[in-house]
Structure formats: structure tokens, C-alpha cells
1. Which lysines does B:Lys86 reach when only Cα atoms under 23 Å apart count, and residues fewer than 8 places away in its own chain are ignored?
2. Please report, in debye to the nearest 20, how large the charge dipole of the stretch A:373-513 is about its Cα centre when each Lys and Arg carries +1 at its beta carbon and each Asp and Glu carries -1 there.
3. How large is Rg/Rh for the stretch A:368-435, to two decimals, with Cα atoms and a Kirkwood Rh?
4. I'm checking a number: the convex hull volume of the Cα atoms of the stretch B:22-86, normalised per residue, in Å³. What is it?
5. Considering only C-alpha atoms, what is the centroid distance from the stretch A:377-417 to the stretch A:74-113, in Å?
6. Between B:Asp94 and B:Ile42, what's the calculated FRET efficiency when r is the beta-carbon distance and R0 is 35 Å? Round to 0.05.
7. Other chains' Cβ within 10 Å of B:110-121 residues: what's the mean?
8. Would you tell me the mean number of C-beta atoms belonging to other protein chains that fall within 10 Å of each C-beta in A:472-482, as a whole number?
Amino acid sequence: MDNHPHQYNFSTPKRQSPIAIFLIIQKLIEQIVRQFWPILLVVILNNFDFQAKSSTSAEDPYLTKILFFVGGLSAIGSIIAYFKFYYYIKDDELIIEKGLLKKTKINIPFDRIQTINFEQNLIHQAFNVVSLEVDSAGSNQKEISIQAIKREQAEAIRSFIMSEKAKTQTAESEEVVPATYEEEKSDLLMELTTTDLLKVGISQNHFRGLGIIFGFSFWIWQSVEDFFPDYRPGENPLEYVEKDLGLGTVISLWTYLILALILFSILISLVMTVFQHFGLKFSRTKIGFKVVSGLFTKREASANINKIQLVRWEDSILKRIFGIFRLSLFQASSAAINTSQAISVPGCYETQINTVRNTYFPDEKYLNYTTHPISSLVINRRVLYLGGIPALIILLNAYLQSSIFIAAGAILWIALIFFTSRIYHKNWKYHLNEEGILTENGILGTHFTLLKWYKIQAVKTRQSYYQRKNKLADLYFYTAAGTVRIPYISLERAQEITNYVLYKVEVDRRSWM
Amino acid sequence: MLFENHEIDIDSLPKVESGEFTKLDSNYLVVRYIGSFIFFLIVGFVIIGAYLLTDISDTPKLFWGLVGFWILWALTSFILTTMGYKIRGYRLRDKDLIHRKGVIFKTVTTIPFNRVQHCEVSQGLIQRMFDLHTLQIFTAGGSNSDLAIPGLKDDTAQRIKEFIINKTDLAIENEVNEVIEEGPTETETLEVDEINTTDIEDIVEKQNGIIDNSKSDF
């Protein structure tokens, strides 16, 4: 097969692959379902209601007709949209023309294109097409995408645009940039194997899964109610079960329930992990990093090294057992300057973290960090606000219900907050060197944040009344992709760091992006 | 590449904490009072309207509670505004702008000029009566780090804005461009025109908020 990139003539206007019609319809249905799901639910329930409630059945054919009408209209609209959508390349610009009534022409000059990403969902994969997402540097222009084109063609367009872009760059600057854009030449840093995927799934935060279960069981409960005929509304369901089934059964029921809950939430996290991160590949490219992952929807995200402002990595108790971290690269978004994009890689080992650190902050290993703690007064404040206020509410409740158990709960709560706050204080550390800062905090897991001084946009100190009395301050570093905050350090230290950081930022001639 | 690594004496660095903050114009306090007054007047009217139109008058406890809350709120606002005025101020330095504000939470924010995205001078209705302006400074650091300095007399806001604009990275780059332009002027006019147009296009593009991303660190 002739693999010459110029076998495609980009200058003639082209339509997308016909698969795009399906994709447009799919997107429309998704949107309709998302916005009108209550109406849809009514329609569906009315159609399949066994008891055939007479009061609503009169409206039912009417609503169904509307549904079919809207559906048909959007299908026609999708086909028209497909035939009216053209893309082509002319004079170093990617041009998209679309629209029937309101004609739109979008020109994106190559030098404004930051990255071109591919995305594939199930339909895409079945027909070997991709959706092409163009991230442009226009400050208020939305991201542009071509719904479906053949994979080879998409790759040809990408390599053509990127090589043209590279050519103009070499003409402008003295730097040696290779004339051809070698996208595929990237070093694979890591690949999630099945065991890695399992580790990531198990060490996930399971509260999300628990939330889904609770939402689901609430829904189940409402429909199951009908099956317990002698259950009176408002009655404590546990009491109902107790009187119906006997106490011994209830206790074992509780144990089973809790066990099932734990198992289910782990299972949900696992399934979600597999969906999201299946076959994850994290690689180092010429311009930065790239992550490809997903079971049904293949996602490809890349981070340009210059655009990365912050690097974060975190572990948790479970993650620590497996020796894995979740890594996040926070980059300044070009599409909208104040919304940040982060690409995250779960299941990273220390070696990959070190590679990323080395790329983001090459000098880090030659510089010496000095380590500093935060003020222990932060414990008092946390106990007062996080412990005291809820405890007061609990105590009030205890007084109203005259229950000693609830009052004991308040004491327990304060004790819990006191101990976690002590750990919070003990674990909060920041490490400074000439070129950057590394912060380290967390109660159960540890979150690390690495920031180079010259990426900082603004510095702020903030003092509450209590902090002013104790000559303390919170210190904030604002970057184009997030904020780093150091709480409760001495005002003097905060000012010292501010002075130094300002000096570093103002003297530095490098571009932060 | 040239490697420079001078020893930095931390104590010799310019200090954020030393030096006097420039206060806002005294008329700004009046502006704030008028603004608050109008606001609480409207709230008062709403309470009176509620008294006349609804049956809140049947429950005098609720009504007087509302009035009490209204007075307390207005009083707190008055005290906070007055105290806030005393604290609020700015310091214009050669390479950055420092802004201090806040009664309950005192914040000191510093924006280096080489991180400024753009500046805006605006004027509210009440501010116009006293010829006062607000200077807004935007960075890429998000809305929390953007600055708004109100109560600037006459053309102070405009002058500070121009001062800052001339110190941004963009302005410095333009200076460099001008130096480059001077070079070829003596040789060939045609080429110079070409260079000029591309440069101007570049500058226009950059001023439209497009960030040049072509520079690579490695």
C-alpha cells in the first residue's frame, strides 16, 4: 500500500463518512433523552402500565405522537446536516462549512491548532472511523470536531497539518524542529495490564459506587413498596422487617446487607474502571505526553509539555499497598483560558511519576529541597469549625430528643476531628527549592503537587481574624491550570516566599505556556 | 546556552510588606455609602410593601424581626464598608501591582506585569458622579486572582493601565520586534515591508488574545 501522505487531496471540500449520520442521530437522541427524560418516562410508563391508569391514558397517544414526530424530524435534520457539512484545507487553514439555514464557515489557521485528538465510541470502532477533535488557540472559539472520518484519512490530515505547522515554526525560529511531524514516534511509558486494572479498580474511591447504590435502592424501594402490602407509609422499614421476620434474621440481614453493599460498590468501581481505563497506554511524545484508553469509547488525550502548569500525584491506603499512584497533569487550556484541562493516569508506578517529574522539572534532581511544616494552630481551627459546629447541632438534637446516645455521638465526633486534624497537621509539608515547590498533604492518602515558580500567575496571602492575631497566613499560588494553597504558615514566612517568588517570576523570560 | 546562577540574598529582595499602600480616593467611601443606601432603601421598600400587601401585619413578631434584621444588616454593612475603606489600597511597583483588601479576611494579592493578560478601565453610575474609575487586571490564573481596584481619581486608572500594558511580555516582545525592523531598513525596502506586515499580523493576533505557543523548552 502506498502510504504517501499526499495521496489525499485536502483542498477539495469533502463530506464526512456516512457513518456520521448515525452519530448525529445518536447524539441527538442522547440530548433529547437527557433533556426530556421525564416526559419520555411518562410516555413509556403509560404504554407499559399493566394497571392502565385511566386518568393519564387519554394523553398517552398524543405524547407518543409528539415523540415520533420529534424523532422523525431530528432524523431528517441529521441527514441534511450531514449533506451540508464540508471540510477542506486551503492556504494553511482547516476550513469547515456547515448549516442549512444559518450557514457557518469556520477557518482555523494551522498555527492556532494546538492538538488534534481522535475519539472512538462503539459505532466508530465498528466502522473503523474516528471523530477528529481540533483544539485551537482562539480565546473564545469553541472546540471544533469532525464527527466521523476514516481513520487513515484522519491520520493523514493530522500529520499534514502538524508537519505544515512545524515548517512555519522552523521558518520563524532558529530552533531545530524536524520538518516532518512524527506523531507515532513516541515512547510507551506504561500500559495498564489486567492485573494493574484490577489494582486500580480495587483501590478506587468506592464512595461513588456507594452513592449509585443508594440512588438505585431508593428507586427500587419506591417500586418494591407495593410488594409489602401490610407496610404502612411512614413506618420505619427496619421495624417493619423486624416484626415480620424476627430479630435474629434482622441482624444477619444487616450483616449481609453491609457485606453486599461493600461488594457491590467495589464491583461498580471495578466495572467503571474497566470502562474508563481499559487498555490504557501512557506514552511520551515529542511534544509532551499522550494517554489512550477506554473500552467502548476510546479516548485519546495529549498534554503539551509547555502547557503543563502543575503535576499532581496521589496515593491512598489501598493504593499504597499496591504501590500505585494516580497522576494528573494540569494544563492551561487554549480554548478557554480560565478553564483547565487535566489528563489523569491511574495506576502509575513510581518510575513513571519520576519520568514525568523529570520532564516537567528537569532540574529538580539537582536542587536541594528544604522541608517546612505548617503551624499546629490549624488543629484548633479545624476542631472548632469542623468539629465544634456539627457537634453543637448534634448536642441540640440530643437535648431535644433527650438522648444520651446522641450526646455521646457529639463527643465522638469532636474526638474524631481532633485526631484527623492532628494527622492533617502532621502530614502537611511543603518543600522549597530555588526553582519550585512540592507540597504534600492528606489524611488517609498523600497528595503531592509539584509547581515550578515561573508558571505562577499571581500570589496571594489571606488572613482571617484569628490568623492575624497569631501572625499566620494562608498562601495561594495561582497558575493557569489551578491553585496551590499552603494553609497556616507564619506571615513572615509567607511574605518571604512571596518576595522570592515574585522575584523569580519577574526575572524569568521563559514563556509559561 | 549561557548559564547564570547568581547568589540571591533573600533579605535584599524587594519586600511586599514594607512601604505604604496608596489609599483609594476619599470620595469612593461616599460612593459606597450611596450604593449601600440605595440597596437598603430598596430592601426597606420591599418590607413596607410586604406590610401593606400581605398579611404579615397579623404576625407582628415576624414583621419586627424582619425590621430588626434589616437594621442590623445595614449597620454591619456600614461598619464593614468604613473599615474596608481604611484597609483597601494598592502599591504600584516597577514590576508588579499589590492590592490589599478585606475586613474579615484580609488578602494581599500581587500580580507581576509579565503575567497580565489584559486590563480594563470601567466606571459605574455612582462612580461617574465623582469622576472615579475602576481598574481591572486579568491574568490566566482564573477569576480568583484577578484584581479590581475601584475609586481611582480622574485619569489615574488610565495611566496605571498604560503603565502596566507597557510592561507586559507582549510590549517587551514588540520592542524586540522594533529593533529587528530597524536592521533591514538600510538595505532593501521591499523585504522590510514584508517583515513589517508579518510582524504586525503577529502582534494583532497576539493582542487578540492568542498565545504564541511555538517556543519549546526542549
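1. Reachable lysines: A:Lys460, A:Lys469, A:Lys471, B:Lys15, B:Lys23, B:Lys101, B:Lys106, B:Lys153.
2. 140
3. Ratio value, two decimals: 1.26.
4. Given the Cα convex hull of the stretch B:22-86, per-residue volume reads 53 Å³.
5. 60
6. 0.20
7. Across B:110-121, the average partner-chain Cβ count within 10 Å equals 5.
8. If you average over the peptide's residues, the count of other-chain Cβ atoms is 4.
Each value in this text was obtained by applying a stated rule to the coordinates, not by laboratory testing. All figures in this text were calculated on a predicted structure; none of them were measured in a lab. Ideal geometry is used to build each Cβ from the backbone, glycine not excepted, and the neighbour counts take in all protein chains shown.
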